[in-house]
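Take a look at the structure below.
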Amino acid sequence: MGKAVEITDSNFNDVVNNGVVLVDFWAEWCGPCRMIAPMIEELASEYDGKATIGKLDVDNNQESSVKFGVRSIPTLLIFKDGEIVDRHVGAVGKDILAKSIDSNLS
């Protein structure tokens, strides 16, 4: 069963340069981030072996947050082989994220 990968400034490029990757930019104190956390874990399980689902704590990894212009959290970026292919800001539904991941898997 898949689990969301912990992404940091130091491993960011290694993680996002490999296939389809959803990165959840979040913080412990963020209510909407905590609200979508179970959904992120569900996606990690459902896409295990097909896509990488990861979480990046913006308080501890400010370099990546600044680099990608994350000003509000949660921000969910979808990468394909290192390039941003989709961006969602705020607590979005699982179906929207799944559709975005699916469209980039082919």
Pairs with Cβ under 6 Å, 6+ apart, first in region 1-29 and assigned to a loop (DSSP other than H, G, I, E, B), second surrounded by fewer than 15 Cβ atoms within 10 Å (Cβ to Cβ): Met1/Ser45; Gly2/Ser45; Gly2/Asp48; Asp9/Glu63; Asn17/Gly82; Ala27/Asp59
Residues (exposed (fewer than 14 other Cβ atoms within 10 Å of the Cβ) and of a type outside the set (A, V, I, L, M)) located in region 56-75: Asp59, Asn60, Gln62, Glu63, Lys67, Gly69, Arg71, Ser72
The listed residue being surrounded by fewer than 18 Cβ atoms within 10 Å (Cβ to Cβ), among the aliphatic types (A, V, I, L, M) and at pLDDT 95 or above, out of Ile53, Ile96, Ile78: Ile96
Candidates Ile53, Ile36 - the one that is in contact with a helix residue (DSSP H, G or I) (Cβ under 8 Å, 6 or more places away or on another chain) and touching a residue at least 12 places away in the same chain (Cβ under 8 Å): Ile53
Every residue from region 39-50 that is touching a residue at least 40 places away in the same chain (Cβ under 8 Å) and not hydrophobic (A, V, I, L, M, F, W, C): Glu42, Ser45, Glu46, Tyr47, Asp48, Gly49, Lys50
Residue identified as among the β-branched types (Val, Ile, Thr) and in a loop (DSSP other than H, G, I, E, B) among Val85, Val66, Val70: Val70
Criterion: of a type outside the set (Ser, Thr, Tyr), within 16 Å of Val21 (Cα to Cα) and assigned to a strand (DSSP E or B) - qualifying residue of Leu56, Leu97, Leu43: Leu56
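The values are calculated or read from the model by the stated rules, or taken from the named source; none is laboratory data. Everything numeric here is computed off the predicted structure, so don't read it as measured data. Glycine also receives a Cβ, built like all others from the backbone with ideal geometry; neighbour counts cover every protein chain displayed.
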